[in-house]
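The values are calculated or read from the model by the stated rules, or taken from the named source; none is laboratory data. Just so it is clear, the structure is predicted and the values come from calculations on it, not from any experiment. Positions of Cβ are generated from backbone atoms using ideal geometry, with glycine treated the same way; all protein chains shown enter the neighbour counts.
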Amino acid sequence: MSVPLICIVGPTAVGKTAAAVDLALKLNAQIISCDSMLVYKEPRIITAAPPPEALQAVPHHLIGIISVTQDYNVFTYYQQAGAKIIELLDKKVPAIVCGGTGLYFKAILDGIFDDAGKDAGLRNDLESEAQAQGVDKLYARLQSLDPEAAAKISPADQRRIVRALEVYYASGKLISQKKKESRGLWGKVPIKIFGFDLPRPRLYEIINQRVEQMWQAGAVEEVKELSKLELSPTAGKIIGIKEISSYLSGAWPKEQAIDEMKRNTRRLAKRQMTWFKADKRLEWLDVDGLSAEQAADVMFEKIKNVTFH
């Protein structure tokens, strides 16, 4: 059996991490995190980082690689995750991508082009031109320059029209061409994608319990330490920082801070499900009532008799 790349995705708190570890042990695989907040070293509690025993049992990648003082973006992830996956596959080591950050997952599968071609001054000029002459004039120009890109953009979508023209004028390359040059792994390597699903009431119950456990495990002290650092814009978005900081400042009582943290985590889960449900490449698994080991067994049975070429 050859299983080069498996993806386990879904909403936060659905049980992906533990199941990925159990499956990795069955396959002698390594895990590549697909979580935009697990890249940071300092927070462990509020990011629900894998426990030390899991990290010791299976090699993990892209977890705790930078400080919260540093920024991180999807293109950097695309480069680092893609390089690690290819490295593992070249060594005939199965790789398991596990996480809930949809944009990171999409970058691995479908690619993303870098920030080359960004020019704020040029963008402002194009936006002013659209206001003065109408976005239809810019769209007609895009149709002439890059008909392939224009065919995929609504004539009324000023933001994307301006972006496509900005890329062309700043880099000299058509945005349609740049996207082709930055293809992801879909179609290049064999991939099996599992989406973990739970009935929403059950998922929300688990989320609420997890938040309570975070507070009991020392989330407040963790945020106190983080508050001593100058957080990057991306790190500052970690759920728990704003809520616990509001409690520490006296702006919110403890129960309100806990409730807000629960609510914001539930909202995240809902956004994640919306994102992943739209991707028809996923095979959904109802993991309600399944232990991590049982979920891993289900995935293993689904892939053990499949030969990947």
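Observations on the structure shown:
- Residues satisfying the stated conditions in region 244-291, i.e. of a type in the set (Gly, Ala, Ser) and within 15 Å of Gly99 (Cα to Cα): Ala269
- Given (1) of a type in the set (A, V, I, L, M); (2) modelled with pLDDT under 95; (3) surrounded by 23 or more Cβ atoms within 10 Å (Cβ to Cβ), number of the condition Ile31 does not satisfy: (2)
- Scanning region 123-163 for residues being among the aliphatic types (A, V, I, L, M), farther than 14 Å from Ile175 by Cβ and buried (at least 16 other Cβ atoms within 10 Å of the Cβ) gives a total of 2.
- Against the list (1) over 19 Å from Glu222 (Cβ atoms); (2) at pLDDT 95 or above, the condition Ser249 fails is (1).
- Filter result for Glu230 (in a helix (DSSP H, G or I) and acidic (Asp, Glu)): no
- Of residues in region 238-278 being surrounded by 13 or more Cβ atoms within 10 Å (Cβ to Cβ) and outside any helix (DSSP H, G or I), the one farthest from the chain's Cα centre (by Cα): Trp252
- Conditions (1) more than 24 Å from the chain's Cα centre (by Cα); (2) not in a helix (DSSP H, G or I); number of the one not met by Trp215: (2)
- The residues of region 190-229 that are among the acidic types (Asp, Glu) and touching a strand residue (DSSP E or B) at 6+ places or on another chain (Cβ under 8 Å) amount to a single one, Asp197.
- For Glu148, the requirement of being in contact (Cβ under 8 Å) with a residue 24 or more places away in the chain and of a type outside the set (A, V, I, L, M) is met.
- In region 128-140 there is at least one residue matching the filter, namely being outside any helix (DSSP H, G or I) and modelled with pLDDT of 90 or more.
- Close contacts from region 248-276, counting a first residue that is farther than 29 Å from Phe196 by Cα and a second that is surrounded by fewer than 19 Cβ atoms within 10 Å (Cβ to Cβ), with Cβ to Cβ under 6 Å and a gap of 6+ residues or different chains, come to Trp252/Ser246.
- The set of residues in region 34-56 being of a type in the set (A, V, I, L, M, F, W, C) and either under 12 Å from the mean Cα position of the chain (by Cα) or exposed (fewer than 15 other Cβ atoms within 10 Å of the Cβ) (or both) consists of Cys34, Met37, Leu38, Val39.
- Count of residues meeting criterion [surrounded by fewer than 16 Cβ atoms within 10 Å (Cβ to Cβ), assigned to a helix (DSSP H, G or I) and over 20 Å from the mean Cα position of the chain (by Cα)] in region 77-120: 3
- Conditions (1) touching a strand residue (DSSP E or B) at 6+ places or on another chain (Cβ under 7 Å); (2) part of a loop (DSSP other than H, G, I, E, B); (3) buried (at least 18 other Cβ atoms within 10 Å of the Cβ); number of the one not met by Arg281: (3)
- Residue in region 103-122 that is modelled with pLDDT of 90 or more, hydroxyl-bearing (Ser, Thr, Tyr) and either closer than 20 Å to Val74 by Cα or in contact with a strand residue (DSSP E or B) (Cβ under 8 Å, 6 or more places away or on another chain) (or both) present: yes
- The criterion of at least 3 residues that are at pLDDT 85 or above is met, among helices (runs of 4 or more DSSP H) falling completely within region 144-195, by 147-150, 158-171.
- The lone criterion from (1) under 24 Å from the mean Cα position of the chain (by Cα); (2) assigned by TED's automatic domain parsing to the domain that holds Phe105; (3) free of Cβ contacts under 8 Å to residues at least 24 places away in the same chain left unmet by Leu203 is number (3).
- In region 121-167, the residues that are within 26 Å of the chain's Cα centre (by Cα) and of a type in the set (Lys, Arg): Lys152, Arg159, Arg160, Arg163
- Condition met for Ala235 (assigned by TED's automatic domain parsing to the domain that holds Thr101, touching a strand residue (DSSP E or B) at 6+ places or on another chain (Cβ under 9 Å) and crowded, with 18+ Cβ neighbours inside 10 Å): yes
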